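The structure under discussion appears below in the form of structure tokens.
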Amino acid sequence: MLKPLARLLGILLHRDHDIRPKGDIVILKMLGGGSLVLAYPALLGLKKSYPEQKLRLVCTGATRPFAELLGVFDEIHPVDDSGSLVKLLGSSFTALRAVFRCDTMIDLEVYSRLSTIFCLLTLARNRISFYLDTAYWRKGLATHLFYFNRAGSAPMHYAQIARELGAEVPAAAESHEAFLAANGIAARNPVTSGPERIGLACFCSDLALERMFSAREWGDLLAREMTGRDIALTLFGGPADRVAGEEMAAAVRAALPGIEVDNACGRWPLKETAAEMAKMDRFWSIDTGLLHIARQIGVPTTSFWGPTAPHTLLQDLPGTDEAVHYSELPCSPCVHVHDEPPCGGSRPCMMAHLRELTPEERNPAWVARS
């Protein structure tokens, strides 16, 4: 219904769609705070290249803390997706009114139809979106489309848009220093005495829970890797992870008797959480937003992948001290490719980090389920 109207108005109005910003730049990123961290160099480049224009963000409440952590946005307009349709519609209208007729609208949601409609209704001069094999329907609704290669690097896709807008994307070292300065985090000075401080991020958003290990599985993994080491373990997560964090802490204590385990899930706001993460000697994680924050801070990391692929989601940070464990089975990665995991949730790609897979698991012949 909207596409013919948008095309007709495009013909009648003859608007100047030169891609260089001439006014405020609005970013739309509703879900995935970690993705916003991946876009940080591109966003920082836009902020520095266009200091006279406001850089604004439309996001959900869950994404807002990550946005505030970046320190690049002049305004943040939240949309309430907590479950009430009235609040969702009301806050969406308020956000739409706040950014109505902005100059440049950049939609960082790759798969969402609703985000495309929202951007169109802003009547922005330029509406910039991604497209891929399943999102050709954005043609005629966005003024500029960038191909999103799911096998490619998401940070590189974000940087491509910034460069096309005329921004100079800063190098990794400059982004690192700017991130530390924005959050008042001092350069790392590792402590050589006392137990080794290990941070652990074992929870993720509701999207693709297959990324997670269970409490027992984390216990088995840590027992294999850390038995005999003098460590102090801190669990990081949000307020909603507090109860599950207690279960996780109990499983780790059972697997590694005598070690100190601190469940810090939900203890601090995200900015303070980042400062505490900076104190860790190493940060262990699945694919989650906290991993990207740890890497941006410069904390050495150990990460585990399977349903998602590290080469598509890890920003290139030269000199980074990290160990990346990825089980690249024939069905991996499956997130954003299939509505449901082909394995039905058995997660052989994550189980491969814990034990040797059977030939059937390593070379699955999944059949469609009716």
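The values are calculated or read from the model by the stated rules, or taken from the named source; none is laboratory data. Note that the structure is a prediction, hence the values are computed from the model and not measured. FYI the Cβ positions are ideal-geometry reconstructions off the backbone, even for glycines, and counts take in every protein chain you see. Calculation scope for accessible area: heavy atoms of the full protein, side chains included, ligands and nucleic acids excluded. Shrake-Rupley method; radii C 1.70, N 1.55, O 1.52, S 1.80 Å.
Within 11 Å, Cβ to Cβ, of residue 65, how many net charges do the neighbouring residues add up to if Lys/Arg are +1 and Asp/Glu are -1?
0
Taking the dipole about the Cα centre of segment 155-243, with the C-beta of Lys and Arg at +1 and of Asp and Glu at -1, give me whichever of 159, 243, 209 is farthest to the positive side.
243
Could you compute Rg(Cα) / (2.2 N^0.38 Å) for segment 279-332, with N its residue count?
Dividing the Cα radius of gyration by 2.2 N^0.38 Å gives 1.10.
Size of the dipole of the chain about the Cα centre, Lys and Arg at +1 and Asp and Glu at -1 on the beta carbon, nothing else charged, in debye to 20?
Magnitude of the dipole: close to 1240 debye.
With N set to the residue count of segment 296-370, report its C-alpha Rg divided by 2.2 N^0.38 Å to two decimal places.
Rg over 2.2 N^0.38 Å, computed on Cα atoms: 1.26.
What relative contact order, as a whole-number percentage, does segment 218-345 give when Cα pairs under 8 Å and 6 or more residues apart are counted?
17
With viscosity set to 0.890 mPa s and temperature to 25 °C, compute the Stokes-Einstein D of segment 1-85, Rh being the Kirkwood radius across alpha carbon pairs; µm²/s, no decimals.
166
Carbon and sulfur together cover what percent of the accessible area of segment 1-136 at a 1.4 Å probe radius?
Exposed carbon and sulfur together represent 63 percent of the surface.
Using only alpha carbon positions, build the gyration tensor of segment 212-276, then give the equivalent ellipsoid semi-axes as the square roots of 5 times its eigenvalues, largest first, whole angstrom.
One finds semi-axes of 21, 13, 9 Å for segment 212-276.
What is the sum of charges around residue 93, taking Lys and Arg as +1, Asp and Glu as -1, for the other residues whose C-beta is under 13 Å from the C-beta of residue 93?
Counting the neighbours of residue 93, the net charge comes to +1.
Read phi for every residue in segment 318-335 and hand back ³J(HN,Hα) as whole Hz from Karplus 6.51 cos²θ - 1.76 cosθ + 1.60, θ = phi - 60°, with x for Gly and Pro.
x, x, 5, 8, 8, 10, 10, 10, 10, 9, 8, 7, x, 9, 10, x, 10, 5
Please identify every one of the trypsin sites (Lys or Arg not before Pro) in segment 1-106 that sits in a loop by DSSP and has no more than 11 other beta carbons within 10 Å of its own beta carbon.
Taking segment 1-106 and a limit of 11 other Cβ atoms within 10 Å, the loop trypsin sites (Lys or Arg not before Pro) found are 101.
Taking the Cα centre as origin and putting +1 on Lys and Arg beta-carbons and -1 on Asp and Glu beta-carbons, what dipole magnitude results for segment 1-112, to the nearest 20 debye?
Dipole about the Cα centre, nearest 20: 220 debye.
Can you give me the orientation-averaged projected area of the convex hull built on the Cα atoms of segment 213-358, in nm²?
9.6
Expressed as a whole percent, how much of the Cα-Cα distance distribution for segment 1-154 exceeds 29 Å?
13
Quick one: divide the alpha-carbon radius of gyration of the chain by 2.2 N^0.38 Å and tell me what you get.
It is 1.05.
Solvent-accessible area per residue for the chain at a 1.4 Å probe radius, Å²?
48
How about segment 131-185: which GluC sites (Glu not before Pro) there lie in a loop by DSSP and see at most 14 other Cβ atoms within 10 Å?
Filter output for segment 131-185: 168.
Mind checking segment 202-233 for trypsin sites (Lys or Arg not before Pro) that DSSP puts in a loop (not H, G, I, E or B) and that have at most 14 other Cβ atoms within 10 Å?
The qualifying sites are 229.
Could you please state, rounded to a whole Å, how far the C-alpha centre of segment 239-279 is from the C-alpha centre of segment 155-219?
That distance is 18 Å.
Could you tell me which of the pairs 3/29; 47/139; 3/47; 29/87; 48/271 are separated by over 24 angstrom between their Cα atoms in the structure shown?
47/139; 3/47
Given C-alpha coordinates of segment 82-200, what is the ratio Rg to Rh with the Kirkwood estimate of Rh?
We get a ratio of 1.11 for segment 82-200.
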